[in-house]
Amino acid sequence: MIFSRYYGGRTLDAVAATVKRLDGGGMRSCVALLPGLRFRPRGVDREASRILGILPALDSAGLKADLTVKPSQLGQRWAPANCRAALSEIARRAGERGAFVWIDMERARDVDRTIDDFLSLRREHENVGVCLQSYLRRTEDDLMALLRGRHPVRLVKGYFRESRADRFDTWHEVTANMKRLLGPLIAGSARPALGTHDESVVAEAARQLALYPRPDFEFQLFLGAKPGLAERLVRDGRFVRIYVPYGRLVRYFVHTLPQMDVSRNVQRVLGRPVVR
Ligand SMILES: Cc1cc2nc3c(=O)[nH]c(=O)nc-3n(C[C@H](O)[C@H](O)[C@H](O)COP(=O)(O)OP(=O)(O)OC[C@H]3O[C@@H](n4cnc5c(N)ncnc54)[C@H](O)[C@@H]3O)c2cc1C
């Protein structure tokens, strides 16, 4: 199957095997439950309980991982109180196992509420971080505000179809913005992370880390993307974490594909540029 190299597994046993294989290669994992469509608070509870099941299952196989969660899969827009409660419970239980929880960033229209949810969560839990997208014009301001509190931030380029009012016009500008934000991220975040497969950005991060060493700086990659890059980073002594998608693939197609930037993401599957 074309997607299998990107896929952690449909069952927790399969995910455990993936995490174990990555461990063997010197890489850590961050497991993401592929989101389902949830339109009722009961659905949020079900989604949360599946997420809560991940770490105990790994634990019983003698494995550890972090989690990454999409607020939309916990009903952020239509059941905000349930979403916050679920995030808090996930962070609490992850904390008991020494694990960290990343909050994914989704649509531009959700950035304010996601940062608010993150900050409210962070008041109770140390083991949470939030993702910011360098394709958004606002991200520099958001990053600087979060760094005033030294909050954990994962910087990515951005995945979704957004309007030109919100995002930079060209991918060149997005990449330049990402490189520009690396310095403040490295110096100012309690837990800095970079989610990219762009080797020019990886090289820029390495250059900046030589000037401002942060052995805890995490290079995060999608499972299966850019074969060889994660292995090379491990050989260079970098801290590497792999984003491992878990669950039914159909969930991903129903939930995420309709919102994504098609040309940019087709390029990723092909592994070569379609647009610049
Ligand atoms: C750990 C992690 C967490 C993320 N979290 C979020 C999030 O919360 N919100 C969000 O909007 N986005 C998130 N993303 C996705 C991110 O925004 C980008 O869409 C994705 O990382 C591709 O951009 P790039 O930085 O790799 O650069 P690009 O310029 O898109 O790609 C650089 C190079 O890598 C190749 N490449 C990129 N992706 C792949 C792939 N999947 N398979 C094969 N080759 C590939 C490209 O073909 C190109 O050669 C995350 C990404 C990672 C790795």
Notebook entry, point to check: If you project the alpha carbons of the range 144-211 onto their three principal axes, what span does each projection cover, largest first, in Å?
Noted result: 33, 27, 15
Check: Using the beta-carbon distance between residue 216 and residue 171 and R0 = 25 Å, what value does 1/(1 + (r/R0)^6) give for FRET efficiency, to the nearest 0.05?
Finding: 0.30
Checklist line | the chain - percent relative contact order, Cα under 8 Å, separation 6 or more | finding: 23
Next item on the list: Nearest 5 is fine: what % of DSSP beta bridges in the chain come out antiparallel, could you say?
Entry: 5
Checklist line | Amide H partners (placed H, <5 Å) of residue 167, local residues excluded | finding: 137
Checklist line | Under-5 Å amide H pairs with residue 220, H placed in peptide plane, nonlocal only | finding: 194, 195, 196, 241
Checklist line | For peptides 160-166, 122-128, 89-95, sequence by mean Cβ density within 10 Å, most packed first | finding: 89-95, 122-128, 160-166
Notebook entry, point to check: Quick one: length gained pulling residue 21 to residue 116 fully straight, 0.36 nm per residue minus the C-alpha distance?
Noted result: 30.6 nm
Margin query: Need the C-alpha centroid separation for the range 13-35 versus the range 68-128, integer Å.
Written below: 21
Note to self: If a paramagnetic tag sat 7 Å from the Cα of residue 190 along the Cα-Cβ line, which residues of the range 129-151 would have the backbone N under 14 Å from that point?
What the structure shows: 129-130, 146-151
Check: What residues have an amide H closer than 5 Å to that of residue 29, excluding those fewer than 5 places away on the same chain, when H is modeled at 1.01 Å from N in the peptide plane?
Finding: 66, 242
Check: What's the FRET efficiency of residue 180 with residue 124 using the Cβ-Cβ distance as r and R₀ = 35 Å, to the nearest 0.05?
Finding: 0.60
Notebook entry, point to check: Mind listing the Cα extents of the chain along all three principal axes, in Å, largest one first?
Noted result: 44, 41, 37
Notebook entry, point to check: Hey, rough spin-label estimate for residue 61 and residue 46, points 7 angstrom out along Cα→Cβ, what's it come to in nanometres?
Noted result: 2.4
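Where a number appears in this text, it was derived from the coordinates with a stated rule and is not lab data. What you see is a predicted model, and the numbers here were worked out from it, not measured in a lab. No Cβ is skipped: glycine too gets one built from the backbone with ideal geometry, and neighbour counts run over all protein chains shown.
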